[in-house]
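The values are calculated or read from the model by the stated rules, or taken from the named source; none is laboratory data. Only a predicted model underlies this, so the values are computations on that prediction, with no experimental measurement involved. Cβ placement follows ideal geometry from the backbone for every residue including glycine, while neighbour counts extend to all protein chains displayed.
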Amino acid sequence: MHMVIAIGLESFLVYKAIEGFLEGREFKRREKDILKHYLPQVEAASLLSIILAFLWQKAVRVWPKFMVHFILWSSFAMSLSAGILLICFQKPTTDVCGVALIAFAIGNGLYSCWVTQRTKFCTKILMKSLEPVSKFPDLNHPTYYMLVAGFLWMSLWILAVIGALNFYFPPLIVTALVLSLAWTTEVMRNVANLTVSRVIALYYLRGMQSSTQFCFQRALTRNLGSACLGSLFVPAIEALRIVARGLNLLEGEDEFMFSCAHCCLRIMESIFRHGNGWAYVQIAAYGKNFVKASQDTWKLFEQQEMETIVDSDITSAVCFLSGVCSGSICVIMVAAWTHSVHQSFTATISLLAFFVGYLMVSAS
């Protein structure tokens, strides 16, 4: 349903963009200005992020141990560099964006130091998960399909944003488009995730080499509803769980705050049992719905007393930081480009480039 609504909304707004371009003289000038200063940079950011996604995948396969450390610290270096660059432009809007990136970089650096002891465990998980990959030479094809689809969708999306300016309540429509883009790319990522999960699950459970193409078709049809539902809730649930775990680290004289944080963590863990990213394996392998798969997966963790091991895994954080690193690289390229041709667009396009770079790499 979401995909139908998203496609319908984008198609309608693209139509409004074309209509405004053909009919409205004032809108035509504004549309041309946006096309001139937005579209090239967004397309360039999309292409760059696709190239980076290919490089990340290849490098992680070949050098998993090195890449874990590299991603942790390159995301710190790139986000810090992007923040410093934006501050150097000496404009209020770019200063705000630059300070935000620098603050994130500091947090990223502290996190990288904190998880140093976990990187060895993360490397072992990656190496173990990559063992059967060589038996399926076309296993990456669904990811490539999703990246191409993401690039095409991004091109239509920027036209839809222009069309939103020729419609009622532009800020509201643009906000809806941004949320829809984030959800759509998350769905694309989970479709690829479900495809790979089924191929590998059948290999381990039944000792068979199933068709990647068939598993991809299954993910796009039978499992698409679960992918859409999970894409809506899992990112928010996991983000809130991380916040709750961070609050739980509060210790000191304020016993009330510590008790509240501890209570918040317990609530989030209860929610996490009904929706988590680990569920996609059972969805792919057994065809369960998202909620049932989440419950069964977490029950297995509890039965095997694996909760601590699961909490020690940082592979999801490494994937997230690879997206941040790519987004920061896109910001560096696009911000320098935009500042040289149209300075007033620098902050807006830099934010958009970061968003695009992060989403495209996350979709892989």
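Residue-by-condition table, conditions (1) within 19 Å of residue 137 (Cα to Cα); (2) surrounded by 14 or more Cβ atoms within 10 Å (Cβ to Cβ); (3) touching a Lys or Arg at 6+ places or on another chain (Cβ under 9 Å):
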{"position": "186", "(1), (2), (3)": "no, yes, no"}
{"position": "194", "(1), (2), (3)": "yes, yes, yes"}
{"position": "202", "(1), (2), (3)": "yes, yes, no"}
{"position": "209", "(1), (2), (3)": "yes, no, yes"}
{"position": "221", "(1), (2), (3)": "no, no, no"}
{"position": "228", "(1), (2), (3)": "no, yes, no"}
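If you check every pair at least six apart or on different chains, which have Cβ atoms under 6 Å apart with a residue in the stretch 146-172 that is under 18 Å from residue 349 (Cα atoms) and not assigned by TED's automatic domain parsing to the domain that holds residue 217 first and a residue that is part of a helix (DSSP H, G or I) and among the hydrophobic types (A, V, I, L, M, F, W, C) second?
Pairs that qualify, where the first residue is under 18 Å from residue 349 (Cα atoms) and not assigned by TED's automatic domain parsing to the domain that holds residue 217 and the partner is part of a helix (DSSP H, G or I) and among the hydrophobic types (A, V, I, L, M, F, W, C): there are none.
Any chance the stretch 202-221 includes a residue that's in contact with an Asp or Glu (Cβ under 6 Å, 6 or more places away or on another chain) and at pLDDT below 80?
Within the stretch 202-221, none of the residues are in contact with an Asp or Glu (Cβ under 6 Å, 6 or more places away or on another chain) and at pLDDT below 80.
Between 250, 265, 300, which is out of contact with any Ser or Thr (no Cβ under 9 Å at 6 or more places or on another chain), farther than 30 Å from residue 84 by Cα and at pLDDT 80 or above? Please lay out each step first, then the result.
Values: 250 fails: at pLDDT 80 or above; 265 fails: at pLDDT 80 or above.
Checking each option against the conditions leaves just 300.
Does the stretch 297-319 contain any residue that is farther than 21 Å from residue 121 by Cβ and assigned by TED's automatic domain parsing to the domain that holds residue 200?
no
For the stretch 213-235, give me each residue that is polar (S, T, N, Q) and under 15 Å from residue 281 (Cα atoms).
Listed by number, the residues that qualify are 223, 226, 231.
Out of (1) in contact (Cβ under 8 Å) with a residue 60 or more places away in the chain; (2) hydroxyl-bearing (Ser, Thr, Tyr); (3) more than 30 Å from residue 99 (Cα to Cα), what's the single condition that is false for residue 328?
Among (1) in contact (Cβ under 8 Å) with a residue 60 or more places away in the chain; (2) hydroxyl-bearing (Ser, Thr, Tyr); (3) more than 30 Å from residue 99 (Cα to Cα), residue 328 violates only (3).
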